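The values are calculated or read from the model by the stated rules, or taken from the named source; none is laboratory data. Treat the numbers as computed from the prediction; the structure is a model and nothing was measured. Virtual Cβ from ideal backbone geometry, glycine too; neighbours counted across all protein chains shown.
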Amino acid sequence: MTDTITIPSRPRAFRPATTEPTVVKWALIALCLAVLTVLLFAPLIAVFDEALRRGWAFALVSLSEPDAQSAIWLTLTVAAIVVPLNAAFGIAAAWAITKFDWRGKAWVITMIDLPFSVSPVVAGLLFVLMFGANSALGAWLVASGFPIVFAVPGIVLATLFITFPFVARELIPVMLEQGRAEEEAALTLGASGWRTFLTVTLPNIRWALLYGVLLCNARAMGEFGAVAVVSGKIRGQTTTMPLMIEMFYNEYLSVAAFTMAGVLALLAFVTLALKSALEWRYADQLAATHRH
Amino acid sequence: METPVNIEIEDIAKEFGTTAALHPVSLTIPSGTLVALLGPSGSGKTTLLRILGGLEFPSAGRVLFDGSDATGLTVQERRAGFVFQSYALFRHMTVFDNIAYGLRARPSKTRPPAAEIARRVNKLLDLIKLPDIGARYPSQLSGGQRQRVALARALAIEPRMLLLDEPFGALDAKVRKELRQGLRDIHDTTGLTTVFVTHDQDEAMELADLVVVMSMGRIEQVGKPEDIRSRPRTPFVREFITA
């Protein structure tokens, strides 16, 4: 056997330090694509396939049913109420936490995460206990003609609770990183507090705010557990889209269930597309605000 | 032009929680001078500057502008042109919009028309010797350019005084030297009473008419650069200026 000296065809030094060997690179990419396919693309295709199994006309008929229409409207209404409120709450919370120093701040930061760590069902039960007919407050509310539990206000409250952290969570790190100097500069230049907020703070946080709002919106439309508990699932009155999907499914109306699921998935796509379009449109500004 | 403001600081003290950032300090800053607050970090110099600008309020004592009490004036009412340590330029606005910000923020009665604002902004860009950068964003500027834009933005509001927090702190040694003269020139052109904070004794000695040496929340010595150099009054000053 002769000893041969092998000369690498490409010297190792030509490879940047952060680049893995080709095999590793492709293995990672393949793994990522495989996971996406199995967990994301395939189920999504299955949803639409199932919905359209008996054709477009059949799917659309299931959507035009009054109960289905009412569910879609209810979901859109709840999102339209909850998202602006939580955007405002989120901005206020993030502002209070990042721009001022006060006692109990750490505690409040923990509390903001509570809806993430509490099971939605538990959250729903909390509202039933507080505002249900068995509590003094609930009994009074029912008597005065403004029931909360098993009615739309309960759904709004439960959704508000569940989606509260999204905007605040997005904003806090961004606002912490940006600090207070730009706001102080605006004040020394004579701007009022409100003008400073509108012309300096808001533009600086708008991307984080947009992400937070989109996430909040997606969850508000998709929330199941907490809403299921407080809504009472009254058809045509307190049934949101996710609840309607479950009902159809349990009644073996699979085309109706998957069509509704498809609509919910489409709403998520619209959200994603909107985000990507805005990112693409304002790429230059994004770069300008981040590279500072 | 109105005569530059004369600033008197009377027994100003400031506590943050239980720690004293400033023990009662008193100081007179004569009209039109260029003053350096010199000291190591934690000496209270930035706190004193922020109190002058209305960004921080003293726990005790008074600030007088031209003999009248300004302690309770809000940051907006102070009309102090403030240059921040890392400049705090509005990153989402062009240089032009940054400089115009203060004029546009005025109430409609005193706000100049758009054409007048543009004229003033361009004049300021000439003053800082960067006439062509109005359309750029802060992220596209060098450190030295950012500092000068921050200066122009502060000057745009026709301030009663100019306050600068470590104006050269974020720059490399070569640019620092160039911009020192730039600040001196701008002070001499505008005639404004100017206070700047620095931890660099060369900078203070070379640039300022009057140097205020601070340590541990106290004023150690106030004097002309040559006096401080030749007759340091305390061991701290002697050590600090020869370091």
Looking only at the range B:52-89, which residues are in contact with a Lys or Arg (Cβ under 7 Å, 6 or more places away or on another chain), within 14 Å of chain A (Cβ to nearest Cβ) and in contact (Cβ under 8 Å) with a residue 40 or more places away in the chain? B:Gly53, B:Glu56, B:Arg79, B:Ala80, B:Tyr87, B:Leu89
Number of the exception - B:Phe196 against (1) more than 14 Å from chain A (Cβ to nearest Cβ); (2) surrounded by fewer than 18 Cβ atoms within 10 Å (Cβ to Cβ): (2)
Across (1) closer than 30 Å to B:Glu77 by Cβ; (2) at pLDDT 90 or above, A:Phe166 clears everything bar (1)
For the range B:222-233, does any single residue satisfy the condition of being in contact with a Ser or Thr (Cβ under 8 Å, 6 or more places away or on another chain) and not polar (S, T, N, Q)? no
Here are the criteria: (1) outside any loop (DSSP other than H, G, I, E, B); (2) more than 23 Å from B:Leu22 (Cβ to Cβ); (3) more than 8 Å from chain A (Cβ to nearest Cβ). Tell me which single one B:Pro112 does not satisfy. (1)
Filter result for the condition that a residue is under 30 Å from B:Tyr101 (Cβ atoms), more than 13 Å from the chain's Cα centre (by Cα), crowded, with 19+ Cβ neighbours inside 10 Å and more than 14 Å from every other protein chain (Cβ to nearest Cβ), over A:Ile245, A:Ile172: A:Ile172
Does A:Thr188 fit the bill of being without any contact (Cβ under 8 Å) to a residue 40 or more places away in the chain, touching a Leu at 6+ places or on another chain (Cβ under 8 Å), within 12 Å of chain B (Cβ to nearest Cβ) and crowded, with 24+ Cβ neighbours inside 10 Å? yes
Report whether or not B:Glu8 is more than 19 Å from B:His199 (Cα to Cα) and in a strand (DSSP E or B). yes
Residue match in the range B:127-137 (condition: within 13 Å of another protein chain (Cβ to nearest Cβ), out of contact with any Lys or Arg (no Cβ under 9 Å at 6 or more places or on another chain) and under 19 Å from B:Phe82 (Cβ atoms)): no
One residue is enough: does the range B:29-37 have a residue meeting the conditions over 22 Å from B:Leu183 (Cα atoms), surrounded by fewer than 22 Cβ atoms within 10 Å (Cβ to Cβ) and either touching a Pro at 6+ places or on another chain (Cβ under 6 Å) or polar (S, T, N, Q) (or both)? no
So A:Arg53 passes all but one of these: (1) at pLDDT below 95; (2) assigned to a helix (DSSP H, G or I); (3) not acidic (Asp, Glu). Which condition number does it fail? (2)
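Return yes when B:Leu124 is modelled with pLDDT of 95 or more and within 12 Å of another protein chain (Cβ to nearest Cβ) and no when it is not.
Answer is no for this residue.
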From B:Phe90, B:Phe82, which residue is aromatic (Phe, Trp, Tyr), assigned to a loop (DSSP other than H, G, I, E, B) and surrounded by 21 or more Cβ atoms within 10 Å (Cβ to Cβ)? B:Phe90
Considering residues of the range A:194-212 that are in contact with an Asp or Glu (Cβ under 7 Å, 6 or more places away or on another chain) and farther than 20 Å from A:Phe166 by Cβ only, the residue farthest from the other protein chains (Cβ to nearest Cβ): A:Thr196
Go through the range B:177-192 and report how many residues are assigned to a helix (DSSP H, G or I) and closer than 19 Å to B:Leu52 by Cα. 1
When only residues in the range A:118-146 that are in contact with a helix residue (DSSP H, G or I) (Cβ under 6 Å, 6 or more places away or on another chain) and in a loop (DSSP other than H, G, I, E, B) count, which is surrounded by the fewest Cβ atoms within 10 Å (Cβ to Cβ)? A:Ala133
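Yes/no matrix, rows are residues, columns are (1) on the phi < 0 side of the Ramachandran plot; (2) more than 14 Å from every other protein chain (Cβ to nearest Cβ); (3) modelled with pLDDT under 95:
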| residue | (1), (2), (3) |
| --- | --- |
| B:Gly143 | yes, no, yes |
| B:Ala150 | yes, no, no |
| B:Leu155 | yes, no, no |
| B:Leu162 | yes, no, no |
| B:Leu171 | yes, yes, yes |
| B:Lys177 | yes, yes, yes |
| B:Gly182 | yes, yes, yes |
| B:Ile186 | yes, yes, yes |
| B:Thr190 | yes, yes, yes |
Pairing a residue in the range A:86-104 that is loosely packed, with under 11 Cβ neighbours inside 10 Å with any residue that is of a type in the set (A, V, I, L, M) and in a helix (DSSP H, G or I), where Cβ atoms lie under 8 Å and the two sit 6 or more apart in sequence or on different chains, gives A:Trp102/A:Ala96
